[in-house]
Amino acid sequence: MMCQRIKLLLYDYTKGELSKIEIDMVKSHLEKCNACRKEMVFLEKIKSSIRQELLEPSDKILYKIKKINFENRLINLPVFFKPLIAFAVLVIFLVGFIYFGNLIKQGKTDKLDKFYQDIYDISVDFNNLS
Amino acid sequence: MPERVNIEELYKAYSRMVYTIAYRIVKNKADAEDITQDVFIKLIQIQDSLRRQNLKTFIYKITVNKSIDRLRNKKMQTVKNEDIKEELPKKKDSNENNIILNLLMEKIDIEQRIPILLSEIGGFSYKEISEILETNIGTIKSRINRGINTLKQMAKEEIDDDVSEN
């Protein structure tokens, strides 16, 4: 009779959801009763098998969440930030344009210089021949 | 000004638990991943109004609601128990006993399974579970106890006696 009552309280006992009096009652009964102790061990086994394995979602979810979070932060930027960002993008674009433009120009000048140098070398060779 | 909740931090802390609970409810990896994603997208959408207190309860509430919605939409409640029975491994060492117990867990009625999962995986108290499921504590308590008793009963039939005695 007592065992039946204790068995009904075991899960709440493991959860710490009993009153002080009930906890003492279960505790002292478990010390004396082998069958209820076995029941308790079995219950713990069941509980740990439910808890044992946390599953890992695939990485693509984290990637998607990061992407959506970033987009959401851009959308929700304060109003005064948006023109600032547009201005920064424009400046970066212009700096890039000027920098790469110069590189291209420099490349062309270098090629031209080499061309003139070659012509000069050839003419020097001709002079040496004569 | 209240501290803003960092979604990536939340993802690191809760994604596994959210995914596990969702998977154990809908029993399908693709659906569980969709639910996990939906939960965190929802959190992103309401990021500014999120407060650290009760956050865990809130996340689980969304997870459970989305999982139940998914179940309803797909009418998955009719997942056949016979199939689960067929999947039970023949040999029963301690690892396989865990597998058996997990499979048996899936046979428990959804009304009992959800509070048990919240209790064991989420580590919630009866009061918190009653808040998540918007059901009174007495009902939650009786559902969990009924579920656990059914599980114990089925497990005793399935698993060798030595497990219950070790």
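The values are calculated or read from the model by the stated rules, or taken from the named source; none is laboratory data. Not measured: the values here are computed from a predicted model. Ideal geometry is used to build each Cβ from the backbone, glycine not excepted, and the neighbour counts take in all protein chains shown. Just so you know, the surface numbers come from the protein's heavy atoms only, side chains and all, with ligands and any DNA or RNA stripped out. Shrake-Rupley method; radii C 1.70, N 1.55, O 1.52, S 1.80 Å.
The distance between label points at residue A:74 and residue A:53 comes to 4.0 nm (points 7 Å beyond Cα on the Cα→Cβ vector).
Normalised by residue number, the volume inside the convex hull of the Cα atoms of the protein assembly as shown is 276 Å³ per residue. Each principal axis of the Cα cloud of chain A was taken in turn, and the coordinate range along them, longest first, works out to 127, 48, 20 Å. Its Cα centre serving as origin, region A:16-130 has a Cβ charge dipole (Lys and Arg +1, Asp and Glu -1) of approximately 640 debye.
Assign unit charges at the C-beta atoms only (+1 for Lys and Arg, -1 for Asp and Glu), then state the dipole size of region A:2-51 relative to its Cα centre in Debye, rounded to the nearest 20. The calculation lands at about 160 debye. Using the Stokes-Einstein relation with a Kirkwood hydrodynamic radius computed over Cα pairs, the translational diffusion coefficient of region B:1-79 at 25 °C and a viscosity of 0.890 mPa s comes to 190 µm²/s.
With the simple model of a label 7 Å out from the Cα in the direction of the Cβ, residue B:106 to residue A:111 spans 6.7 nm.
Comparing the full protein assembly with the isolated chain, the residues of region A:29-49 losing at least 50 square angstrom of accessible surface (1.4 Å probe) are A:38, A:39, A:42, A:45, A:46, A:49. Counting only protein heavy atoms and a 1.4 Å probe, region B:1-79 has 52 square angstrom of accessible area per residue. Take the accessible area of A alone and of B alone, subtract that of the pair with a 1.4 Å probe, and the total buried over both chains is about 3800 Å².
With the simple model of a label 7 Å out from the Cα in the direction of the Cβ, residue B:54 to residue B:74 spans 3.1 nm.
Counting charges near residue A:85 (Lys, Arg +1; Asp, Glu -1) among other residues having Cβ under 15 Å from its Cβ returns a value of +1. Screening chain A for whole DSSP H helices of 18 Å or more along their axis (Cα) with average Kyte-Doolittle hydropathy at least 0.5 returns A:81-129. Please report, as a whole percent, how much of the solvent-accessible surface of chain A comes from carbon and sulfur atoms (probe radius 1.4 Å). That share works out to 66 percent.
Computed from the Cβ-Cβ distance with R0 of 51 Å, the FRET efficiency linking residue A:126 to residue A:93 stands at 0.55. Taking other residues whose beta carbon is less than 15 angstrom from the beta carbon of residue A:106, and scoring Lys, Arg as +1 and Asp, Glu as -1, yields +2. Each part gets one Cα centre, and for region B:119-135 versus region A:25-81 those centres are 12 Å apart. Computed from the Cβ-Cβ distance with R0 of 51 Å, the FRET efficiency linking residue A:67 to residue B:136 stands at 0.80.
Restriction of the chymotrypsin sites (Phe, Trp or Tyr not before Pro) in region A:1-85 to DSSP coil positions whose beta-carbon has at most 12 other beta-carbons within 10 angstrom yields A:80.
A Cβ-based charge dipole, computed about the Cα centre of the protein assembly as shown with Lys and Arg at +1 and Asp and Glu at -1, lands at about 960 debye. Annotation note: GluC sites (Glu not before Pro) in region A:10-72 located in DSSP loop regions with a Cβ neighbour count of at most 14 within 10 Å are A:53.
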